[in-house]
Each structure stands twice: as structure tokens, then as C-alpha cells.
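To start, the structure itself, in C-alpha cells.
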Amino acid sequence: MLILGIDTSTSCGSVALVDSQKPLGEWNLNVRKTHVGRLLPGIQHLLRETGIEIGQIDGFAVAVGPGSFTGLRIALTTAKTLSLVTGKPLAGIPTLDVLVENVPFAEGLVCPALDARKGEVFAAMYEKDRTGGTERLTDYLSIPPETLLKMIQGPTLMLGDAVTVYGERIEKECAHPITFAPPEYHFPRASILCRLAIKRLSEGDHRHPRELQALYARASDAEMKRKG
């Protein structure tokens, strides 16, 4: 099964081509530019360099969040369009589920956390076993760092771009030992997204593209203003 994966849920855009045996190529770019102007050229570059035509792809994968509202909309629109045009299935995978698999052989509590702005983080708690199995222990949350501190109930490995913003505070104030993953582990990778999607698609677990929605984890600014 050959899968094209797209993730623009954070500042680091990532696109990958992965078959059931190995990754064929991956494109990652973490710069302060909108994903709008670089996502399609990134996909075209990856297809050109791997010699793959869009018709050869068996399915698509997209990170559905939580993450940047604008970034999620860009990735979802692109992935849905490709799925509808080609008639190939599309799998949506939560961004934090992708991020936690950056450390597949960690054991114990792992907390992927992304900077959600407005003094909050997108986070969830997971537990990993020595065989590489992963169990999510909480919902996908948008919470203040102090709430995250209360969620941590034992020695924890933390990764994600929230470490850059809140890591020093979390390490100082947390009641339990915290280990931070190296910086290159702080962003979700489309190759991992594809691996998770291959498992899901091979089990027939996918939705019609029009039914797939972003996982925002909190209301948008416009929604909050309407409620106010």
C-alpha cells in the first residue's frame, strides 16, 4: 500500500510517501511562512523525485489536529481534494497520536504537547510499553500549562514545540521528574503519519473525505466571540 501523507498542523510542514515496506521520501520544512504557498510545490517535488505518479497512490493520510487552525484547514482541503479527484481513501490521524510515535521505544508516560498560543498547550497523556505499544490515557486537550502539571502523575518524557515555550517552567514546577526529547523530535512527521494510516486503511477504517473534520480541541476566536 502506497500512501501520501500531509501534515501542516504546526509550523513545520511535512509531506511523505510511504509504502508498506519502507519510506520512499519525506519533505519537512520549519520556517515562518504560510503553508499555502509551499504545500503543493512540496508534494510535486516529492512525487517528481521519487518517480511516483499521483495515480499510483493507494490512499492519503492527513493530520487532523489539534494544531494551528489555519494549518489544519490547508492540509484537510488539500488531502480531501486529492482523495476526491483520485477516488482513493483518506485517513485522518490526530496530530498528537503522530507526535507521540516520534519516540516508539520509550517506556512509561509520554506527553506530546504543542504550543496552542493564548497561554495554553494542546496535549494528551500516553503510556508506552516495552514492545512499542501505545495507550492514550486522556482526551486531546487545550489547557493552561498549570493544568498540564496536575495531569502528570509520574516520571514523564515530554516532546513537542510547547517544550520550547514552557519547558523550563514545567521542569521547575512539576512534582515529578520530566525528561525532554531532543529538538528534532518536537514536530510531527508525515512518514509516521503514513505508517499509522496504513494500518488504519488496511483494516478498512476510513471515512468519506467530506465527513472528515478537523480536531480543534477548542473553539475558534470567531466562535468564542459569538458566545460572548
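Just one of the numbered conditions (1) open to solvent by less than 10 Å² (accessible area, probe 1.4 Å); (2) over 24 Å from residue 184 (Cβ atoms); (3) assigned to a helix (DSSP H, G or I) is not true of residue 91: (3).
Tell me whether segment 187-194 contains one or more residues that are outside any helix (DSSP H, G or I) and within 19 Å of residue 82 (Cα to Cα). Checking segment 187-194: not a single residue is outside any helix (DSSP H, G or I) and within 19 Å of residue 82 (Cα to Cα). When you check residue 146 against the structure, is it more than 25 Å from residue 28 (Cα to Cα) and either in contact with a strand residue (DSSP E or B) (Cβ under 7 Å, 6 or more places away or on another chain) or assigned to a strand (DSSP E or B) (or both), yes or no? Considered against the rule, which asks whether it is more than 25 Å from residue 28 (Cα to Cα) and either in contact with a strand residue (DSSP E or B) (Cβ under 7 Å, 6 or more places away or on another chain) or assigned to a strand (DSSP E or B) (or both), residue 146 comes out as no.
Could you please find all residues in segment 112-143 being part of a loop (DSSP other than H, G, I, E, B), in contact (Cβ under 8 Å) with a residue 12 or more places away in the chain and more than 19 Å from residue 187 (Cβ to Cβ)? Working first, answer last.
Our first condition is that a residue be part of a loop (DSSP other than H, G, I, E, B); within segment 112-143, this holds for 118-119, 124-125, 129-133, 137-140.
The next check asks that each one be in contact (Cβ under 8 Å) with a residue 12 or more places away in the chain; those that pass are 119, 124-125, 129-130, 132, 137-140.
Passing the criteria: 119, 125, 129, 130, 132, 137, 138, 139.
For segment 29-46, the tally of residues that are under 16 Å from residue 12 (Cβ atoms), touching a residue at least 24 places away in the same chain (Cβ under 8 Å) and open to solvent by 60 Å² or more (accessible area, probe 1.4 Å) stands at 3.
Can you find a residue that is more than 16 Å from the chain's Cα centre (by Cα) and among the acidic types (Asp, Glu) anywhere in segment 178-193? Among the residues of segment 178-193, not one is more than 16 Å from the chain's Cα centre (by Cα) and among the acidic types (Asp, Glu), which makes the answer no. Among the residues of segment 13-66, those identified as within 23 Å of residue 84 (Cβ to Cβ) and part of a loop (DSSP other than H, G, I, E, B) are 19, 35, 36, 37, 38, 52, 53, 57, 58, 64, 65.
Exactly one residue out of 49, 107, 53, 26 is closer than 28 Å to residue 133 by Cα, open to solvent by 10 Å² or more (accessible area, probe 1.4 Å) and without any contact (Cβ under 8 Å) to a residue 60 or more places away in the chain, and it is 107. Residues of segment 162-192 that are open to solvent by 30 Å² or more (accessible area, probe 1.4 Å) and touching a residue at least 40 places away in the same chain (Cβ under 8 Å): 164, 165, 166, 185, 187, 189.
Take residue 76 and tell me if it is at pLDDT 95 or above, assigned to a helix (DSSP H, G or I) and surrounded by 21 or more Cβ atoms within 10 Å (Cβ to Cβ). Yes: the conditions hold for residue 76.
The values are calculated or read from the model by the stated rules, or taken from the named source; none is laboratory data. No experiment lies behind these values; they were computed from the predicted model shown. When we count neighbours, we look across all protein chains shown, and the Cβ atoms used for this are built from the backbone with ideal geometry, even at glycine. Heavy atoms of the whole protein, side chains included, go into the accessibility calculation; ligands, DNA and RNA do not. Shrake-Rupley method; radii C 1.70, N 1.55, O 1.52, S 1.80 Å.
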